[in-house]
Amino acid sequence: MYQLSNDLVGSWPLTTMFLILTNMAVLVGWITEFVREILQISGLTLLSVLVLGVAFLLLVYFLLKRRPRNLPPYPAGRVPLLGHLLALGRAPHLKLTAWRRQYGDVFTVRMGMEDVVVLNGYTAVKDALVDRSELFASRPENYMIDVVFGYGKGVAVARWGAAFKQRRKFSHTALKTLGMKVGTGSIEEKIREEASCLRNRMAGYEEKPVDVLNDVSVSVANVICGMTFGKCYNYEDETFRELLDAISNVSAELGSGQIISVFPLLRFVPGINRTCKDVLKQNSKIQEVLLDEIARHRENLDRENPRDFLDACLLELELQEKVDGLTEENVMYLANDLFIAGTETTTTTLLWSLLFMTLNPDIQSKVQQELDAVVGEGLPALSHRSQLPYVSACLLEVMRIRTLGPLSVPHATTEAVNVQGYHIPKGTQVLPNLYSLHMDPAYWPDPERFDPGRFLDAEGNVINKPESFMPFGGGRRVCLGEQLARMELFLFFSTLLQFFTFRTPEGANPPTTDGIFGPALKPHPFQLCAISR
């Protein structure tokens, strides 16, 4: 009897556990089926639900996370989760500049769940980018930008440190050796050749209305291709056109896809991640071309006579003398930096210059009078630049009134730092609002008026370095290709204005001067007529 009772008692927990597990299995199966039906009805996937669940937990974490003490103030318009994203809208440089009038030169915007410090005005921006450059010389994490530029394996978005400094110094030296300079060994003749090709291309349209974006892109890209790859392409080359389209698409998608950078987990959510997928697809096309060129250069490398930037990189890859631990992946991303930045920026500035010429025929006429007096019937050269102050002033005014990178490339602090009495922690993302410098009425009266005279002194000489003017940034992160860009802009612009008068097509509305915000502030598509002089 006693034995029987003990057997029953001993078997009871096992029986109960079996029943509980059986019921739990039924319950889990029912919940799984219910969730599957919900997902089918809503069009979501299980991965989407998991991502949204993790995003919710992260939201709770960041909402409970304490804000650093004495951070600059928030403007109004901040909402949970999104922060100021909705308030900034499609033209954040305009909103930030408007907020400056209310909140001062230094304030904080909430980008999703991250605090970003914005610097406005010449005093604050110069203090950060020039006077205390190393304290603001790093780059923040940004998923979309990091994907395109290799998480800092090149130069453009590399974090501050010894590796960045070595790669930048090496790249700058190589570009100077390859012709990014004035004088003996300059790439000037190559630029003049491309400017002549562009002139001939425009003449072929016989004064009919045309959008010159593609033609300008090819000519500008061929300059950087010559330096990087040692070869050029013609206007009809299909592969080259596809490559330029890929660069343009990547730039456009980076501007429209910042929600993924603010909330990187959204790249796993179908539908929302379309932009991210497009960027990866277009970027892979660019990288495929670069890798093919690297392989081609490796096969034909002349170690005694490097022909271009890739040759210089491959030699350093073998010798490891100037850049510690340089890899082929670094080489690809260094070339990627040059190719993307060297094409988009100069192309866009030239388009703006032609647009403003069509809108200001009196200024265009003055440019042409100066070219006729100094250059005559020959081709403009860099040696003419000092004799063409009004031409140079026009280009400077274009760079002022339509700042190519209104918010620069995001910076990040390398140490904790105080700015105008506020505490900025180490690693904080910082946006220098260059647009606020260039449109500041304290330095530029009636800033929306296109007036090259702003850049001329009383004797008619160019003011090359006026206050509140930093189109290429400054300090440790100043644009690597600034000198090349200035050479290209002068030679392309002066060549085109020497041979053509640019007008808006008859019956068409004048082109808008509103820009499309993105990594580069681009003009809306427009047509013009190139009238032979």
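Screening Thr177 on (1) touching a Lys or Arg at 6+ places or on another chain (Cβ under 6 Å); (2) closer than 30 Å to Lys322 by Cβ shows it passes everything except condition (1). Residues in the stretch 514-533 that are exposed (fewer than 15 other Cβ atoms within 10 Å of the Cβ) and outside any loop (DSSP other than H, G, I, E, B): Ile531, Ser532. Taking the stretch 263-305 as the range and being surrounded by fewer than 18 Cβ atoms within 10 Å (Cβ to Cβ) and closer than 20 Å to Ile516 by Cα as the test, only Asp278 passes. Here Ile187 does not qualify as in contact with a Ser or Thr (Cβ under 9 Å, 6 or more places away or on another chain), in the same structural domain as Gln282 (by TED's automatic domain parsing) and in contact (Cβ under 8 Å) with a residue 24 or more places away in the chain.
Put simply, of Glu299, Glu316 the only residue that is touching a residue at least 24 places away in the same chain (Cβ under 8 Å) and of a type in the set (D, E, K, R) is Glu316. For the stretch 500-513, residues that are touching a residue at least 40 places away in the same chain (Cβ under 8 Å) and either surrounded by fewer than 22 Cβ atoms within 10 Å (Cβ to Cβ) or not assigned by TED's automatic domain parsing to the domain that holds Thr347 (or both) total 9. Taking the stretch 85-112 as the range and being assigned to a loop (DSSP other than H, G, I, E, B) and more than 20 Å from Tyr422 (Cα to Cα) as the test, the residues that pass are Gly89, Arg90, Ala91, Gly112.
Considering the stretch 94-128, and only residues there that are within 22 Å of Glu448 (Cα to Cα), out of contact with any Lys or Arg (no Cβ under 8 Å at 6 or more places or on another chain) and of a type in the set (S, T, N, Q), the residue that is surrounded by the fewest Cβ atoms within 10 Å (Cβ to Cβ) turns out to be Gln102.
Yes/no matrix, rows are residues, columns are (1) under 30 Å from Ala137 (Cβ atoms); (2) touching a residue at least 12 places away in the same chain (Cβ under 8 Å); (3) hydrophobic (A, V, I, L, M, F, W, C); (4) in contact with a helix residue (DSSP H, G or I) (Cβ under 8 Å, 6 or more places away or on another chain):
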| position | (1), (2), (3), (4) |
| --- | --- |
| Leu371 | no, yes, yes, yes |
| Leu382 | no, yes, yes, yes |
| Arg400 | yes, yes, no, yes |
| Met470 | yes, yes, yes, yes |
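Taking the condition more than 27 Å from Asn300 (Cα to Cα) and crowded, with 22+ Cβ neighbours inside 10 Å, does Ser171 pass? Considered against the rule, which asks whether it is more than 27 Å from Asn300 (Cα to Cα) and crowded, with 22+ Cβ neighbours inside 10 Å, Ser171 comes out as no. Taken together, Pro432, Pro380 contain a single residue that is surrounded by 23 or more Cβ atoms within 10 Å (Cβ to Cβ) and assigned to a strand (DSSP E or B), which is Pro432. Going through Ala137, Ala87 one at a time, which residue ends up being surrounded by fewer than 18 Cβ atoms within 10 Å (Cβ to Cβ), within 25 Å of Ser251 (Cα to Cα) and aliphatic (A, V, I, L, M)? Step by step, each of Ala137, Ala87 is checked, and only Ala87 is surrounded by fewer than 18 Cβ atoms within 10 Å (Cβ to Cβ), within 25 Å of Ser251 (Cα to Cα) and aliphatic (A, V, I, L, M). Scanning the stretch 63-75 for residues that are more than 15 Å from Thr428 (Cβ to Cβ), at pLDDT below 95 and surrounded by 10 or more Cβ atoms within 10 Å (Cβ to Cβ) gives a single hit, Leu63. In this entry, Arg385 is excluded by the filter for residues that are closer than 25 Å to Arg449 by Cα, basic (Lys, Arg) and touching a Gly at 6+ places or on another chain (Cβ under 7 Å).
One residue alone among Val157, Val223, Val216 is farther than 25 Å from Phe490 by Cβ, touching a residue at least 60 places away in the same chain (Cβ under 8 Å), buried (at least 19 other Cβ atoms within 10 Å of the Cβ) and within 21 Å of the chain's Cα centre (by Cα), and that residue is Val157. Entry remark, the stretch 287-330: residues being of a type in the set (Lys, Arg) and in a helix (DSSP H, G or I) number 2 in total.
With respect to the conditions (1) surrounded by fewer than 18 Cβ atoms within 10 Å (Cβ to Cβ); (2) part of a loop (DSSP other than H, G, I, E, B), Leu480 falls short on a single one, namely (1).
Set side by side, the residues Val220, Val210 differ, and just one is aliphatic (A, V, I, L, M) and in contact with an Asp or Glu (Cβ under 8 Å, 6 or more places away or on another chain), which is Val220. Yes or no: the stretch 462-469 includes at least one residue that is at positive phi, surrounded by 19 or more Cβ atoms within 10 Å (Cβ to Cβ) and touching a Leu at 6+ places or on another chain (Cβ under 7 Å). Checking the stretch 462-469: at least one residue is at positive phi, surrounded by 19 or more Cβ atoms within 10 Å (Cβ to Cβ) and touching a Leu at 6+ places or on another chain (Cβ under 7 Å).
Please tell me if Leu359 is hydrophobic (A, V, I, L, M, F, W, C), surrounded by fewer than 23 Cβ atoms within 10 Å (Cβ to Cβ) and in contact (Cβ under 8 Å) with a residue 24 or more places away in the chain. Taking the combined requirement at face value, the residue satisfies it.
The values are calculated or read from the model by the stated rules, or taken from the named source; none is laboratory data. Being a predicted model, the structure only gives us computed values, none of them experimental. Note that each Cβ is placed from the backbone with ideal geometry, even for glycine, and that neighbours are counted across all protein chains shown.
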